[in-house]
Amino acid sequence: MKILKDSSLTCGAQPSPVQLTSISNGPGRYTGTGVRDMSRGPRPLVTLRDAIPIALQRGMIQLAERGTELLYDFTISGTKRKPVAFVSVKYTERIRATLEDISRDCDDRIRQLRSIARDATVSCELWLHSRYGTWRFFQVTLDGIVEIGRDGKALAAKG
């Protein structure tokens, strides 16, 4: 498990204290020199790469080992709202879908997050990313999903 503590991500030849040196994707392996300067790759890996700077704004992250029984992509610890957040990121073409459509389209990820034991201090979140760089964030509860902001707080209801 790779631990990232610093949010100072840099590009170019200067070495960065935070570097995602490899993400294993099944039997193959994708290797880059850093979070910001990786070349384009498979959409799930690009989505995960783009999620890391957002997660670092909320605390220290730990990447989960890639495998067939993966329940989440990374954890965020040290958040003010909840000390631990288990996060699963997913690429989607339908970023503007309704909550019902997202629940149906991401049913497998939601079920995996619901299988994680939790209490009032643990949050399970689903982050969706589109090809245009748009993000939507959801907290997975026992009976549904609730849209949240980048900071992990529930969005104010429109009305």
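The numbers here are math on the coordinates, done by the rules we state, and not lab data. Bear in mind the structure is a predicted one, so any value in this text is a computation, not a measurement. All Cβ positions, glycine included, derive from the backbone under ideal geometry; neighbour counts span all protein chains shown.
Structure values in brief
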{"read-out": "Percent of C-alpha pairs per 5 Å bin, the range 40-159, short to long", "value": "2, 11, 23, 26, 22, 12, 3, 1, 0"}
{"read-out": "Computed E for R150/E69 - FRET, C-beta separation, R0 25 angstrom, nearest 0.05", "value": "0.30"}
{"read-out": "Cβ-placed point charges (K, R +1; D, E -1), dipole of the range 40-159 about Cα centre in debye, nearest 20", "value": "400 debye"}
{"read-out": "Summed side-chain charge close to R109 - residues other than R109 whose Cβ falls under 12 Å, Lys, Arg +1, Asp, Glu -1", "value": "-1"}
{"read-out": "Counted charge near S130, where neighbours are those whose Cβ lies closer than 12 Å (Asp, Glu -1; Lys, Arg +1)", "value": "+4"}
